[in-house]
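All remarks here apply to the structure that follows.
The values are calculated or read from the model by the stated rules, or taken from the named source; none is laboratory data. Nothing here was measured: the structure is a model prediction, and the numbers come from that model. Here the Cβ is made from the backbone with ideal geometry for all residues, glycine too, and neighbour counts use every protein chain on show. All accessible areas refer to the heavy atoms of the entire protein, side chains included, with ligands and DNA or RNA removed. Shrake-Rupley method; radii C 1.70, N 1.55, O 1.52, S 1.80 Å.
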Amino acid sequence: MVFNAHSQGSLHVLGLLEDEDFRSRYPVAAVTILGGIPTPFRIPDDVPVLNVSNDADVVPALSGSFPVPRPNIVDVRTPEHPDGGGIVGAHDITRYADDASALDLSGDPSVRGYASVLGTAVGTGVVGAGVVGGRAAGAGGA
């Protein structure tokens, strides 16, 4: 099973990951979070997560803590969009879709590693190869 979540949807998905009964019935291969709040949750070590947040989006900061780098979690912060968009615009799913599409071009090893896991889970192989805006997209994770 692969989850993709935006905003409040991340709360539901990550809550399910803490439920051992759910995970025993429904193996989770990967989770992609766009503009969510993952930090207050205990994410199992065997679930790869790509967490994308935009620099101008206030929602990912609502937990009040910073992500702790872990081998299975890739944290990507994308730059504010050139046309601004303000607080509401920064959290818009269509802007996150643009950010996610740009990540397909990333040469960052953490992003490519997640793309490989996701591609295997959905049967498409590795996505992306290259750089975003002349540089590799930022990623955290050990």
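The condition of being open to solvent by 20 Å² or more (accessible area, probe 1.4 Å), touching a Phe, Trp or Tyr at 6+ places or on another chain (Cβ under 6 Å) and not in a loop (DSSP other than H, G, I, E, B) does not hold for residue 11. Of everything in the range 81-92, what is surrounded by 13 or more Cβ atoms within 10 Å (Cβ to Cβ) and assigned to a helix (DSSP H, G or I)? Give them in sequence order. 89, 90, listed by residue number.
If you go through the range 93-118 and keep only what is within 15 Å of residue 35 (Cα to Cα), surrounded by 15 or more Cβ atoms within 10 Å (Cβ to Cβ) and of a type in the set (Asp, Glu), you end up with just 99. Does the range 32-48 include one or more residues that are among the small types (Gly, Ala, Ser) and either open to solvent by 50 Å² or more (accessible area, probe 1.4 Å) or in contact with a Lys or Arg (Cβ under 6 Å, 6 or more places away or on another chain) (or both)? Checking the range 32-48: not a single residue is among the small types (Gly, Ala, Ser) and either open to solvent by 50 Å² or more (accessible area, probe 1.4 Å) or in contact with a Lys or Arg (Cβ under 6 Å, 6 or more places away or on another chain) (or both).
The set of residues from the range 63-73 being modelled with pLDDT under 90, of a type outside the set (Ser, Thr, Tyr) and surrounded by 13 or more Cβ atoms within 10 Å (Cβ to Cβ) comprises 67, 69, 70.
If you go through the range 66-104 and keep only what is within 18 Å of residue 49 (Cα to Cα) and of a type in the set (D, E, K, R), you end up with 70, 75, 77, 99, 104.
Taking the listed residues 76, 111, the one that is at pLDDT 90 or above and in a strand (DSSP E or B) is 76, with no other qualifying.
The criterion of being more than 21 Å from residue 8 (Cα to Cα), open to solvent by 70 Å² or more (accessible area, probe 1.4 Å) and either at pLDDT below 85 or not in a helix (DSSP H, G or I) (or both) holds for residue 129. Criterion first (more than 24 Å from residue 123 (Cα to Cα), open to solvent by 20 Å² or more (accessible area, probe 1.4 Å) and without any contact (Cβ under 8 Å) to a residue 60 or more places away in the chain) does residue 55 satisfy it? Answer is yes for this residue.
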